[in-house]
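Here the structure comes first, spelled out in structure tokens, and everything after it is commentary.
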Amino acid sequence: MRSNGLRHLTVLGLLGVLAVAGPAVSDGVAQNLQNGSIRGIVRDQNGDPIYDAVVKVSGQGSGFSWTRRTDRNGVFRFSLLAPGAYDVYAETLGYRPRLTRNVPVLGGAVEKVDIYLIVDPPPVVSVDTVSFVGGVRSRTRPGVGQWVSETELRTLPDRSRDFLDVTRLSSASTRDGGFLGLPGSFTGLIVDGSRFRSAMHPNLSSDAFRTSAFPRSSLAQGFLLRNPRDTEWASAAGGFLVGQGKGAIGGSRFEVFGDWTGDAAGIWASDYLEDNPTGNSSYRGGITAAIPIVQDTTTLDVGFEGWNLELPRATPVGGAALYDELLQVLDPADQPRFEDLQRARLDVHKAYSGFARLDWAVSRRTIASVRVNLSGINEARGLPIQGYGQGWDRVTVEGGDLSASAYVVSEINETVGVEVRAGFGSSTRDYLSGEVLRDEDGIRNPTPATTFAKYGLGVGSPATAPGSFSKTSFNAMASGFTTIGAHTLRGGISADYISHDYEYLFARTGQYFFTDPLSTLTGEGWFAQTDARAPGSAFSTGDFGVFMQDSWEVSPGFTLVVGGRFDYEQLPSADIVPDPEWRRLTGTPAEEAPGGLNKFSSRLNLVWDVGQRGTTFVQGGLGVYHDMLSPGVWNEILTANARPDVRRAVGDLTSWPELPDADEAPVVGVQHAIL
């Protein structure tokens with residue numbers, strides 16, 4: 001086993017400072033993280049508050065509306081609003097009504113809208129209409145991150161249409177969703193407050209369909225949080241990709257694009273490739289709808305998307321030269337295996353996704369929401385262009401994701417509220433060994449993974465396939481929040497249970513290393529293979545946490561968020577089978593591991609409206625973040641329980657491109673897990 005060691009990852013997030021333009025943000029009264037609020041004061045033209053004015057908030061696209069009256073201080077407040085854009089209308093007798101359009105509402109934030117009415121005796125013949133000018137108001141919150149609006153989710157360029165694509169909009173992230181220099185596997189995904197992480201291959205750095213169950217059309221907005229302020233969110237060391245469902249804000253549309261063969265072919269089509277006789281195409285389509293079940297009370301959002309993307313892959317650099325050398329050493333029957341080295345190939349991505357979300361305003365102070373997302377994927381990497389090849393490909397990835405969550409939020413009064421949330425996730429990924437060879441004698445054994453150092457190229461079936469990975473997760477959270485003076489306090493408990501089932505062993509089909517093709521004739525190379533009778537493992541982990549944080553408005557325009565979180569991560573150490581032979585030979589145990597890890601996470605975040613002018617902000621964050629132990633490491637440890645045989649040989653390897661026999665590559669020992 002590689003010397004990964006048994007460790008957990010801790011990341012220290014450092015302070016970030018940003019100067020931006022726009023009005024300040026006030027976190028205001030208690031709130032949950034999935035819904036937002038609009039609050040403000042209705043004043044006359046002299047700045048005096050107006051009592052008993054009527055204020056109506058309407059969701060754009062849905063037309064749903066809620067009405068309140070101002071108190072003696074002219075204050076109005078609408079809480080537990082679904083993320084999206086709203087119109088705010090205010091009127092009272094003796095004044096001209098005013099309509100403020102396009103007020104953005106973000107999850108976990110309070111948007112401040114002050115309204116000034118001009119004296120105008122009856123009858124009313126006009127309405128003052130203005131557009132809300134918030135600048136970067138909604139983007140400026142304690143912590144370091146980036147907000148992505150619904151407009152950006154819908155219209156900006158994307159590659160695979162899923163939520164992970166929005167990380168490409170940030171200069172601080174990588175193509176696979178990584179933050180802070182860490183890989184994408186350390187980035188947490190949270191949708192409507194529930195965590196989801198798809199099954200992933202432990203030896204591949206990225207997964208193009210990691211968030212396929214969450215297409216952009218299913219979300220009203222998103223956040224890229226590199227240094228999140230909220231202690232409720234944990235178990236990710238590289239940041240969070242946070243999405244919030246549409247709720248009552250939505251509409252219906254149908255969209256499709258594609259390029260087919262013939263004159264319509266373009267950048268998405270592959271028939272422009274030389275000598276491609278039939279052509280290939282890409283297309284994508286979908287439909288979403290927001291359905292009112294009960295006016296202003298219950299809505300249902302549904303949607304479906306499907307796509308087929310065929311992306312040509314250029315001929316590998318050095319591939320033609322490597323193929324020419326292989327022709328000098330291969331039997332004619334084996335030459336067709338490697339013809340693709342001199343030709344372009346296709347990566348074919350096929351997927352579908354569907355979602356449904358039900359939002360119910362139980363009462364003025366209580367809301368409930370239920371969401372279900374699902375997807376199915378099929379990805380073939382390195383297919384021969386149609387008209388070429390011998391009916392084989394490199395790797396095919398198949399799988400599916402299912403995510404479901406529900407939450408209830410209730411405000412007991414103006415300053416106290418509670419929230420309960422639960423989620424379920426299921427994910428599978430099957431990596432199929434792609435190379436299937438056919439000739440007049442039938443199906444032949446695939447070529448083991450082979451690397452030629454001279455060209456830096458590999459041929460044959462990769463050492464990372466086959467593999468099958470599945471996981472099932474449950475999570476629950478209960479919290480309370482309250483406002484006391486300038487402090488907004490939030491605290492709660494959470495629990496996660498994750499079950500993994502792996503069937504995988506690296507280099508199970510064997511791997512060769514040669515300097516160049518001529519070395520295959522002299523046998524000057526290296527070979528290794530790990531062969532297990534039961535390659536894989538099944539295990540479960542858990543995480544139990546308690547958190548508390550305080551959002552403190554230190555002074556007008558300056559907000560400080562301080563929080564802490566304690567987690568206990570339960571580890572499957574009891575599943576490790578002791579190895580008495582190792583202990584006898586070395587005198588040291590190789591399998592001792594703790595039953596769990598104690599983890600403490602801290603948060604310190606701020607936002608400062610310099611001079612309270614709404615033109616310059618300083619924001620930043622400092623914290624400690626913990627990721628959960630990689631399930632891939634645990635699979636290696638537990639697979640070693642079966643003591644898989646290790647075959648190895650250096651030199652005298654003349655069987656390539658077939659596997660060496662037991663004389664050429666004998667069993668030299670068994671694999672151990674050393675912790």
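The values are calculated or read from the model by the stated rules, or taken from the named source; none is laboratory data. Bear in mind that the values here come from a model prediction, so they are computed numbers and not experimental data. Cβ coordinates were reconstructed from backbone atoms using ideal geometry, including for glycine residues, and neighbour counts include every protein chain displayed. Only protein heavy atoms, including side chains, enter the accessible area calculation; ligands, DNA and RNA are left aside. Shrake-Rupley method; radii C 1.70, N 1.55, O 1.52, S 1.80 Å.
Out of all the residues in the stretch 586-603, is one or more charged (D, E, K, R), out of contact with any Phe, Trp or Tyr (no Cβ under 6 Å at 6 or more places or on another chain) and within 30 Å of A476 (Cβ to Cβ)? Yes - at least one qualifying residue is present in the stretch 586-603.
T616 - would you say it is modelled with pLDDT under 85 and open to solvent by 30 Å² or more (accessible area, probe 1.4 Å)? Yes, satisfied.
Would you confirm, using the coordinates I've provided, whether G376 is at pLDDT 85 or above and either assigned to a loop (DSSP other than H, G, I, E, B) or surrounded by fewer than 21 Cβ atoms within 10 Å (Cβ to Cβ) (or both)? In short, yes.
Quick check on S573: is it in contact (Cβ under 8 Å) with a residue 60 or more places away in the chain, open to solvent by less than 70 Å² (accessible area, probe 1.4 Å) and hydroxyl-bearing (S, T, Y)? Against the criterion (in contact (Cβ under 8 Å) with a residue 60 or more places away in the chain, open to solvent by less than 70 Å² (accessible area, probe 1.4 Å) and hydroxyl-bearing (S, T, Y)), S573 does not qualify. Within the stretch 260-306, the set of residues being touching a Ser or Thr at 6+ places or on another chain (Cβ under 6 Å) and either among the hydroxyl-bearing types (S, T, Y) or modelled with pLDDT under 50 (or both) comprises W260, W268, A269, D271, G279, T288.
Scanning the stretch 496-513 for residues that are open to solvent by 20 Å² or more (accessible area, probe 1.4 Å) and assigned to a loop (DSSP other than H, G, I, E, B), we see that the one that is nearest to S473 (Cα to Cα) is F506.
Across the stretch 30-81, the qualifying residues are those that are of a type in the set (V, I, T) and open to solvent by 20 Å² or more (accessible area, probe 1.4 Å), and the one among them that is modelled with the lowest pLDDT is T67.
Could you pull out the residue among Y116, Y89, Y95 that is open to solvent by 30 Å² or more (accessible area, probe 1.4 Å), closer than 26 Å to G557 by Cα and of a type in the set (F, W, Y)?
Numbers: Y89 fails: closer than 26 Å to G557 by Cα; Y95 fails: closer than 26 Å to G557 by Cα.
Just a single option satisfies the conditions, and that option is Y116.
Within the stretch 415-435, being open to solvent by less than 50 Å² (accessible area, probe 1.4 Å) and at pLDDT below 85 holds for S433, G434, E435. Taking every residue in the stretch 456-472 that is at positive phi and in contact (Cβ under 8 Å) with a residue 24 or more places away in the chain and pairing it with any residue that is in a loop (DSSP other than H, G, I, E, B) and open to solvent by less than 10 Å² (accessible area, probe 1.4 Å), at least 6 positions away or on another chain, the pairs with Cβ-Cβ distances below 6 Å are G460/T447; G460/P448.
Being touching a residue at least 40 places away in the same chain (Cβ under 8 Å), aliphatic (A, V, I, L, M), closer than 27 Å to S540 by Cα and touching a helix residue (DSSP H, G or I) at 6+ places or on another chain (Cβ under 9 Å) narrows it down to one of A642, A673, so name that one. Quick ask: steps written out before the conclusion?
Values: A642 fails: touching a helix residue (DSSP H, G or I) at 6+ places or on another chain (Cβ under 9 Å).
It is A673.
Take the stretch 638-655 and flag every residue that is outside any loop (DSSP other than H, G, I, E, B) and touching a Leu at 6+ places or on another chain (Cβ under 7 Å).
Our first condition is that a residue be outside any loop (DSSP other than H, G, I, E, B); within the stretch 638-655, this holds for 638-642, 645-650.
Within the stretch 638-655, just T639 meets the criteria.
Does D516 count as part of a loop (DSSP other than H, G, I, E, B), farther than 30 Å from A673 by Cα and either at pLDDT 95 or above or open to solvent by 20 Å² or more (accessible area, probe 1.4 Å) (or both)?
Details: part of a loop (DSSP other than H, G, I, E, B): yes; farther than 30 Å from A673 by Cα: yes; either at pLDDT 95 or above or open to solvent by 20 Å² or more (accessible area, probe 1.4 Å) (or both): yes.
Yes.
Restricted to the stretch 438-465, and to residues there that are open to solvent by less than 10 Å² (accessible area, probe 1.4 Å) and not small (G, A, S), the residue that is modelled with the lowest pLDDT is T447. Whether a residue is acidic (D, E) and touching a residue at least 24 places away in the same chain (Cβ under 8 Å) was assessed, and D301 passes this test. Exactly one residue among G563, G545 is open to solvent by less than 20 Å² (accessible area, probe 1.4 Å), in a strand (DSSP E or B), closer than 25 Å to S499 by Cα and not acidic (D, E), and that residue is G545.
Restricting the search to the stretch 398-414, which residues are in contact (Cβ under 8 Å) with a residue 60 or more places away in the chain and crowded, with 18+ Cβ neighbours inside 10 Å? So that I can check it myself, show each step before the final result.
Taking the stretch 398-414 and keeping what is in contact (Cβ under 8 Å) with a residue 60 or more places away in the chain, we get 399, 401-403, 405, 407, 409, 411, 414.
Residues satisfying the conditions are G399, D401, S403, S405, Y407, V409, E411.
In the set T129, T140, T100, only one residue is at pLDDT below 75 and among the hydroxyl-bearing types (S, T, Y); that residue is T140. The set of residues in the stretch 631-669 being among the β-branched types (V, I, T), under 30 Å from E524 (Cα atoms) and touching a strand residue (DSSP E or B) at 6+ places or on another chain (Cβ under 6 Å) consists of V646, V650, V667, V668.
Results for (1) touching a helix residue (DSSP H, G or I) at 6+ places or on another chain (Cβ under 6 Å); (2) open to solvent by 30 Å² or more (accessible area, probe 1.4 Å); (3) among the hydroxyl-bearing types (S, T, Y); (4) not in a loop (DSSP other than H, G, I, E, B), shown as yes or no for each residue.
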{"site": "H201", "(1), (2), (3), (4)": "no, no, no, no"}
{"site": "L204", "(1), (2), (3), (4)": "no, yes, no, no"}
{"site": "S212", "(1), (2), (3), (4)": "no, no, yes, no"}
{"site": "A220", "(1), (2), (3), (4)": "yes, no, no, yes"}
{"site": "F223", "(1), (2), (3), (4)": "no, no, no, yes"}
{"site": "S235", "(1), (2), (3), (4)": "no, no, yes, no"}
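Taken residue by residue, the stretch 337-355 has at least one member that is assigned to a loop (DSSP other than H, G, I, E, B), in contact with a helix residue (DSSP H, G or I) (Cβ under 9 Å, 6 or more places away or on another chain) and open to solvent by 30 Å² or more (accessible area, probe 1.4 Å). Among the residues making up the stretch 183-192, those that are of a type outside the set (D, E) and at pLDDT 80 or above are F186, T187, G188, L189, I190, V191. If you check T488 against the conditions, is it crowded, with 21+ Cβ neighbours inside 10 Å and in a strand (DSSP E or B)? Considered against the rule, which asks whether it is crowded, with 21+ Cβ neighbours inside 10 Å and in a strand (DSSP E or B), T488 comes out as yes.
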